[in-house]
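Single-structure report; data block below.
The values are calculated or read from the model by the stated rules, or taken from the named source; none is laboratory data. Predicted model, so just to flag it, every value in this text is computed and none were measured. Here Cβ is always computed from backbone atoms with ideal geometry, including for glycine, and neighbour counts include all displayed protein chains. All accessible areas refer to the heavy atoms of the entire protein, side chains included, with ligands and DNA or RNA removed. Shrake-Rupley method; radii C 1.70, N 1.55, O 1.52, S 1.80 Å.
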Amino acid sequence: MLNRFNLRKIAQCVALSSLVSGTAVASELVITFDDLNPDKKLAFESAVEAFTRAHPDITVTANNGDREAHKSTIRNALQNDAPDVITWYPGNRMGPFVDAGLFMDISDLWSSDENLSSNFNAIKPTMTRDGKQWGVPYSYYQWGVYYRKDIYDKVGISEPKTWDELLSNCDALKEAGVTPFTIGTKFLWTAAGVFDYLNLRTNGYEVHNDLTAGKIKYTDERIRNTFAKWEEMLDRCSFVSTHATMSWQDAISPFANGDAAMYVMGNFSVGQYKEAGLTDDQIDFFQFPEITPGLPRAEEAPADAFFIPAKAKNVENAKKFLAFVASVGTQTAWNKAIGQLPPNAKALINEDDKFIVKGMETLSTASGLAQFYDRDAPAAMAKAGMEGFQKFMLDPSALDEILENLDKVQAEVY
Amino acid sequence: MENSQLGNHYRFATSAKQVTVAGLILLACLFLLYFVISTSMVQDLFGYSQQIHARVPTFFIRLAVAIVAIGAALYFITGFSFYKRNKIAWAPWLFLALGLGLFMVYVIIPIFQSMSYSFTKWDGLYDINGVWTGEWVGFHNYKLLLDDPNFYTSLKNNLLWLVLYMLAVPVGLFIALFLNQTVTGIRIYKSLFFFPFVISQVVVGLIFTWAYNPEFGLLSEFWSWFFCETKENIMGNLTRVCSVEPPSILGNEHSATYGIIAAGLWPQIAYCMILYLTGLNNVSPDQIEAGQLDGAKGWKMLWYVVLPQLKPATFIAVVVTVIGALRSFDMIATMTQGGPYGSTNVLAYYMYDQAVGEGVGRYGYGSAIATVLFLIMLVYISYFLWQMYQDEKEAH
């Protein structure tokens with residue numbers, strides 16, 4: 001499963017010859033990455049190549065593996081054969097590893113590196129735990145509603161700004177025989193996206209954070225309000241009926257076929273819409289509409305980041321690599337290649353991609369950035385929570401039972 | 001008389017040379033093993049200390065040293081006089097020693113380790129110094145289990161699996177009876193019936209998941225012959241409109257488990273069938289003939305003459321079916337991952353889900369589930385071992 005991209009041999013020769021001439025001492029750097037999708041893999045490899053060019057004295061070994069497998073292998077990697085740099089998720093997902101002392105505190109890098117200390121203010125809180133910084137983000141992306149512009153035009157409706165506009169759009173779509181929303185909840189997390197937005201728009205950023213931090217109960221009146229909005233959405237803006245058996249990719253087919261008109265999703269999905277035959281003219285993006293008037297708008301913006309394991313052997317090289325990843329040039333090139341947004345405020349974005357432009361606008365004007373329900377909440381809570389969301393979508397009448405069970409899990413997990 | 005006693009005495013004497021040589025080799029090996037493990041000297045020697053394949057050369061060196069150590073230990077023990085005098089009693093244990101050792105390390109000790117974890121709250125991590133990060137919570141996890149609806153769902157599903165999976169035995173028997181004839185090409189039919197057992201569980205799971213899919217599955221194709229018509233949607237694309245929606249078997253908490261069991265039965269029936277087919281080969285034709293002379297046919301012949309002779313096959317069929325039902329993990333993992341919302345979990349999958357899956361990391365809780373599962377299986381295993389023991393006794 002490990003796809004090894006190995007520059008060791010060449011670099012060894014170089015190192016050997018330099019040893020002979022006695023000019024430089026070779027040192028090593030082992031990086032573990034977790035995305036085998038062609039564009040992501042290529043972007044990572046080009047970044048590593050650029051790093052090797054900039055630091056010819058460092059021998060880089062880059063390992064790349066499957067993302068889902070990485071979620072379980074990282075435990076072993078951090079405790080035994082630690083690489084020098086490893087990918088993982090910020091927010092609460094890094095919590096267990098930080099608490100067990102398996103990630104290295106890199107606050108010194110954040111304060112000493114000019115670029116990191118000045119251009120990453122928006123995302124810095126996400127990388128912070130116990131007042132210290134633990135990683136460097138290389139990419140993030142926006143969430144929102146992706147919709148079929150051509151269907152909207154045909155039905156004669158426009159992008160909704162408020163909850164009521166959304167509901168009346170749904171009525172019009174249903175009238176025309178179109179299911180308003182598509183979704184595939186087989187792997188649960190897609191439902192969490194809908195919940196997060198309803199919660200962020202009904203109660204705001206603070207409540208989202210307090211809920212995922214275990215400070216608010218699920219039976220709290222405010223969370224019940226969120227679910228009431230969701231029930232309204234299920235009722236008037238129905239979702240495709242077979243969502244529990246579909247993955248998020250499966251759910252694209254009714255969207256592409258014109259049977260469903262909207263999709264609450266992350267920007268990584270755009271490539272898949274195009275693969276399904278849709279063009280830039282047919283699809284567009286709007287921010288999830290306002291529910292509670294006047295509430296500051298917070299957005300979901302999950303980030304991917306690099307960390308240094310506490311057991312890393314080449315810490316100095318690892319820090320050099322993180323500083324390199326944070327640099328304006330790397331952030332620009334990397335995110336252009338994968339169609340996502342650079343966390344570095346000075347980095348440039350691809351102006352030709354309307355989704356990237358809109359995403360940048362959405363996130364740069366947001367009052368707060370949430371990671372995502374399953375990254376902000378501890379994994380055990382997230383699992384139970386998302387199962388509850390799926391159950392609610394299939395059977396809204398079970399709400400009380402679901403919320404009481406979630407309270408029990410919450411009391412146990414935190 | 002005296003001579004032979006002397007001879008015996010000599011034969012049973014401890015051989016000082018053998019014991020010394022073997023002992024020294026053994027000590028050297030143990031020293032080497034400890035040395036290699038503790039200092040990673042060999043790793044540094046090979047200059048691989050940072051890479052994953054660093055383990056390979058040291059692993060082979062350790063393996064070689066360990067094998068030599070085991071040989072030396074055997075040679076060491078066989079040199080002593082007490083061994084020589086009690087050879088008959090000791091030899092079997094010497095032969096068993098290695099196997100028992102591995103069984104202890106990989107089966108028995110982990111069972112008790114897992115039980116001990118079930119009294120802790122632990123997220124599966126050791127800190128940087130290798131110190132365990134959990135905390136002791138007593139019976140807390142078991143109290144939680146008693147209050148966890150998912151646990152009861154899993155328990156109920158385990159029971160459903162055990163009961164419904166038993167259908168494979170009679171159905172397998174009847175297919176075997178049906179195929180137990182000499183017609184041209186019967187081998188082809190037999191292999192076709194056996195085919196599902198040959199494919200991997202994962203593939204069976206995938207095939208059924210697709211067949212059940214309410215959008216494009218085989219089942220919904222049939223469904224649309226009766227209840228659906230194809231219309232043009234707003235974008236001018238063809239779409240299916242149904243008067244009654246096709247059933248979403250794996251998406252509905254009430255039908256999902258049955259859907260998975262049905263998929264699991266497909267290969268299991270084939271397995272039981274092949275067991276009965278071989279059993280039928282051994283049915284004595286004399287007894288059949290005698291039965292026929294006495295006027296037995298049809299059900300009576302099957303019940304009183306054929307089935308008793310198939311008892312060993314039935315026993316094995318039941319055993320493998322129970323084991324199959326308890327190994328439902330692969331099917332669930334490929335078909336629903338325990339969903340929708342945990343309604344298709346069985347204890348084994350729920351344990352995995354809570355401890356290892358997706359980084360949930362409730363190792364203590366997962367261990368508590370594992371312990372319950374172990375206790376349930378223990379009942380069955382004890383019965384099975386007792387039955388085997390009884391059969392052995394009869395055979396003697």
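Could you go through the range B:260-274 and let me know if any residue there is open to solvent by less than 50 Å² (accessible area, probe 1.4 Å), free of Cβ contacts under 8 Å to residues at least 60 places away in the same chain and in contact with a helix residue (DSSP H, G or I) (Cβ under 7 Å, 6 or more places away or on another chain).
no
So that you can scan it fast, the table gives a plain yes or no per residue for (1) assigned by TED's automatic domain parsing to the domain that holds B:Ile288; (2) over 17 Å from the mean Cα position of the chain (by Cα); (3) buried (at least 21 other Cβ atoms within 10 Å of the Cβ):
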position	(1), (2), (3)
B:Val318	yes, no, no
B:Ile323	yes, no, no
B:Leu326	yes, no, no
B:Met331	yes, no, yes
B:Gly342	yes, yes, yes
B:Met377	no, no, no
B:Asp391	no, yes, no
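List the helices (runs of 4 or more DSSP H) inside the range A:219-310, counting only whole elements, that have at least 2 residues being farther than 30 Å from A:Asn63 by Cβ and free of Cβ contacts under 8 Å to residues at least 60 places away in the same chain.
By residue number, A:221-236, A:252-257.
Being within 11 Å of chain A (Cβ to nearest Cβ) and among the basic types (Lys, Arg) is the filter here, so list the residues in the range B:346-396 that pass it.
B:Arg362 - this is the single residue of the range B:346-396 that is within 11 Å of chain A (Cβ to nearest Cβ) and among the basic types (Lys, Arg).
Name the single residue, out of those in the range B:212-240 being of a type in the set (Val, Ile, Thr) and at the interface with chain A (Cβ under 8 Å from one of its Cβ atoms), that is nearest to B:Thr257 (Cα to Cα).
Within the range B:212-240, the first condition is being of a type in the set (Val, Ile, Thr), and the residues that meet it are B:230, B:234, B:239.
After this cut, where a residue has to be at the interface with chain A (Cβ under 8 Å from one of its Cβ atoms) as well, the list is B:234, B:239.
On the way: B:Ile234: 37, B:Thr239: 30 Å.
Among those that are of a type in the set (Val, Ile, Thr) and at the interface with chain A (Cβ under 8 Å from one of its Cβ atoms), it is B:Thr239.
With respect to the numbered conditions (1) within 14 Å of chain B (Cβ to nearest Cβ); (2) touching a residue at least 24 places away in the same chain (Cβ under 8 Å); (3) of a type in the set (Val, Ile, Thr), which one is the sole condition not fulfilled by A:Thr73?
(2)
Does the range A:223-235 contain any residue that is within 14 Å of another protein chain (Cβ to nearest Cβ) and buried (at least 21 other Cβ atoms within 10 Å of the Cβ)?
No, every residue in the range A:223-235 fails to be within 14 Å of another protein chain (Cβ to nearest Cβ) and buried (at least 21 other Cβ atoms within 10 Å of the Cβ).
Considering every residue within the range A:314-327, establish whether at least one is among the polar types (S, T, N, Q) and outside any helix (DSSP H, G or I).
So far as the range A:314-327 goes, yes, one or more of its residues are among the polar types (S, T, N, Q) and outside any helix (DSSP H, G or I).
Mind listing just one residue for me: the one in the range A:138-173 that is of a type in the set (S, T, N, Q) and assigned to a loop (DSSP other than H, G, I, E, B) and, of those, farthest from the other protein chains (Cβ to nearest Cβ)?
Among them, the one singled out is A:Gln142.
Output the qualifying pairs, or none if there are none: Cβ atoms under 6 angstrom, residues six or more apart or on different chains, first residue in the range B:123-134 and more than 7 Å from chain A (Cβ to nearest Cβ), second residue assigned to a loop (DSSP other than H, G, I, E, B).
Close Cβ pairs (under 6 Å, with a partner that is assigned to a loop (DSSP other than H, G, I, E, B)) amount to B:Gly134/B:Trp122.
Condition check: surrounded by fewer than 19 Cβ atoms within 10 Å (Cβ to Cβ) and at negative phi. Does A:Pro90 satisfy that?
Against the criterion (surrounded by fewer than 19 Cβ atoms within 10 Å (Cβ to Cβ) and at negative phi), A:Pro90 does not qualify.
Say whether the condition of being touching a residue at least 24 places away in the same chain (Cβ under 8 Å) and within 21 Å of B:Tyr380 (Cα to Cα) is met by at least one residue in the range B:278-293.
No; the residues of the range B:278-293 include none that is touching a residue at least 24 places away in the same chain (Cβ under 8 Å) and within 21 Å of B:Tyr380 (Cα to Cα).
From (1) open to solvent by 40 Å² or more (accessible area, probe 1.4 Å); (2) not assigned by TED's automatic domain parsing to the domain that holds B:Phe174, pick out the condition that doesn't hold for B:Gly366.
Condition (1) is where B:Gly366 drops out.
For the range A:92-114, which residues satisfy the criterion of being away from every other protein chain (no Cβ under 13 Å) and assigned to a helix (DSSP H, G or I)? Steps first, please.
Our first condition is that a residue be away from every other protein chain (no Cβ under 13 Å); within the range A:92-114, this holds for A:106-114.
If the condition is that a residue be away from every other protein chain (no Cβ under 13 Å) and assigned to a helix (DSSP H, G or I), then A:Ser107, A:Asp108, A:Leu109, A:Trp110, A:Ser111, A:Ser112, A:Glu114 are the ones that fit.
Can you find a residue in the range B:230-253 that is assigned to a helix (DSSP H, G or I), open to solvent by 20 Å² or more (accessible area, probe 1.4 Å) and out of contact with any Ser or Thr (no Cβ under 8 Å at 6 or more places or on another chain)? Don't jump to the end; show me each part of the working.
From the range B:230-253, those assigned to a helix (DSSP H, G or I) are B:249-251; that's our starting set.
From the residues that got through so far, the ones that are open to solvent by 20 Å² or more (accessible area, probe 1.4 Å) too are B:249.
Checking which are out of contact with any Ser or Thr (no Cβ under 8 Å at 6 or more places or on another chain) leaves us with none.
No, because not a single residue in the range B:230-253 is assigned to a helix (DSSP H, G or I), open to solvent by 20 Å² or more (accessible area, probe 1.4 Å) and out of contact with any Ser or Thr (no Cβ under 8 Å at 6 or more places or on another chain).
Name the single residue that is farthest from the other protein chains (Cβ to nearest Cβ) among those in the range A:174-213 being closer than 30 Å to B:Leu250 by Cβ and among the hydroxyl-bearing types (Ser, Thr, Tyr).
A:Tyr197
Considering only the range A:236-255, state which residues are within 13 Å of chain B (Cβ to nearest Cβ), open to solvent by 20 Å² or more (accessible area, probe 1.4 Å) and either closer than 22 Å to B:Glu232 by Cβ or of a type in the set (D, E, K, R) (or both).
Of everything in the range A:236-255, those that are within 13 Å of chain B (Cβ to nearest Cβ), open to solvent by 20 Å² or more (accessible area, probe 1.4 Å) and either closer than 22 Å to B:Glu232 by Cβ or of a type in the set (D, E, K, R) (or both) turn out to be A:Ser238, A:Ser241, A:Asp250, A:Ser253.
If you take the residues in the range B:276-286 that are open to solvent by less than 50 Å² (accessible area, probe 1.4 Å) and in contact with a Leu (Cβ under 9 Å, 6 or more places away or on another chain), which one is farthest from B:Phe195 (Cα to Cα)?
The extreme case among them is B:Val283.
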